[in-house]
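No value in this document is a laboratory result; all are computed from the given coordinates. Computed from a predicted structure; not experimentally measured. Methodologically, a virtual Cβ is constructed for each residue, glycine included, from the backbone with ideal geometry; neighbour enumeration extends over all protein chains shown.
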């Protein structure tokens with residue numbers, strides 16, 4: 001049975017009143033195991049696995065959205081139906097650089113480009129590199145090398161996000177490690193060559209975009225997935241060891257503690273929000 005809500009009672013609605021993901025989230029609340037829980041929308045399964053370490057399991061249900069596109073609509077449709085019981089956490093992507101944020105106060109974003117970049121630090125990179133026999137002198141500069149090598153690729157990503165029509169934007173493969181040592185023009189050529197559809201991004205536009213947005217904060221610019229891939233390549237080359245997919249991110253997550261998460265701006269913002277239950281450990 002559903003507990004009666006204040007303002008607009010949930011009993012006034014059925015899932016037929018909503019579309020798509022909104023109906024799915026409504027049905028999640030309609031489950032007797034979840035009706036009094038706080039439902040937090042997250043983008044993907046990896047996000048749910050990461051955040052689950054820092055939330056009170058009996059008070060929180062993590063709903064995987066498979067992307068962030070529906071988050072705004074779900075919050076708009078259901079926040080008044082489930083007041084202080086629904087929120088979303090999304091990767092900031094370029095929100096901080098663009099100074100562009102959701103109108104919904106219960107839409108929370110990561111401190112850096114994404115949660116992977118939020119947990120990145122020179123110290124953790126050095127500690128991970130040491131596990132593969134890379135000495136302190138080499139590992140001390142490894143983090144800066146990865147950040148620098150990703151910069152041109154990340155500027156292409158950022159410039160692409162500014163193209164108004166999504167159908168005109170290029171798609172990116174999981175190949176950030178192949179951008180090492182490449183100029184901006186070379187990165188654009190590789191990205192355009194990877195397109196299976198009739199899409200491309202103008203190299204003149206990208207060059208102009210980068211010049212108009214110089215000295216971007218690399219923790220906001222660079223994608224954490226790209227960082228992990230580039231780091232894996234560099235450590236593998238330096239150590240002469242094969243490193244499986246996922247090994248570097250897993251090591252990073254193990255080094256990022258609950259105390260570390262509690263110091264993030266995201267954790268502060270979640271604590272400051274008036275949820276119906278305590279959400280953070």
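Grab the Cα-Cα distance for residue 273 and residue 163, subtract it from 0.36 nm times how many residues apart they are, and report the gain in nm with one decimal.
36.2 nm
To the nearest 10 degrees, how steeply does helix 142-161 sit against the main Cα axis of the chain, on a 0 to 90 scale?
60 degrees
Measuring from label point to label point, each 7 Å out along Cα→Cβ, what is the residue 97 to residue 27 span in nm?
3.8 nm
If you fit an axis through the alpha-carbon atoms of helix 203-212 and take the longest principal axis of the Cα set of the chain, what angle between them do you get, 0 to 90°, nearest 10?
80 degrees
In nanometres, what is the gap between the two model label sites at residue 35 and residue 205, each 7 Å from Cα along Cα-to-Cβ?
Here the modelled spin labels are 5.1 nm apart.
In whole Å, what three semi-axes, largest first, describe the equivalent ellipsoid of segment 198-255 built from its Cα gyration tensor (square root of 5 times each eigenvalue)?
Taking √(5λ) for each eigenvalue gives 31, 15, 11 Å, largest first.
Please state, rounded to one decimal and in Å, the Kirkwood hydrodynamic radius that segment 23-74 gives when every pair of distinct Cα atoms enters the mean of 1/r.
11.4 Å
What Kirkwood Rh does the chain have if only Cα atoms enter the pairwise 1/r average? Answer in Å.
So the Kirkwood estimate lands at 20.7 Å.
Compute the semi-axes of the equivalent ellipsoid of segment 148-281, taking the square root of 5 times each eigenvalue of the Cα gyration tensor, and list them largest first in whole Å.
So the equivalent ellipsoid measures 31, 23, 14 Å along its semi-axes.
Where does each of 195-205, 24-34, 254-264, 114-124 land if you order them by average Cβ count within 10 Å, highest first?
So the peptides 195-205, 24-34, 254-264, 114-124, ranked by packing, come out 114-124, 24-34, 254-264, 195-205.
Compute the angle between helix 224-239 and the longest alpha-carbon principal axis of the chain, please, reported from 0 to 90 degrees and rounded to the nearest 10.
40 degrees
Using all alpha carbons of segment 183-227, what is the percent of pairwise distances in each 5 Å bin, ordered from the shortest bin to the longest?
Reading upward from the zero bin: 5, 18, 21, 24, 23, 7, 2.
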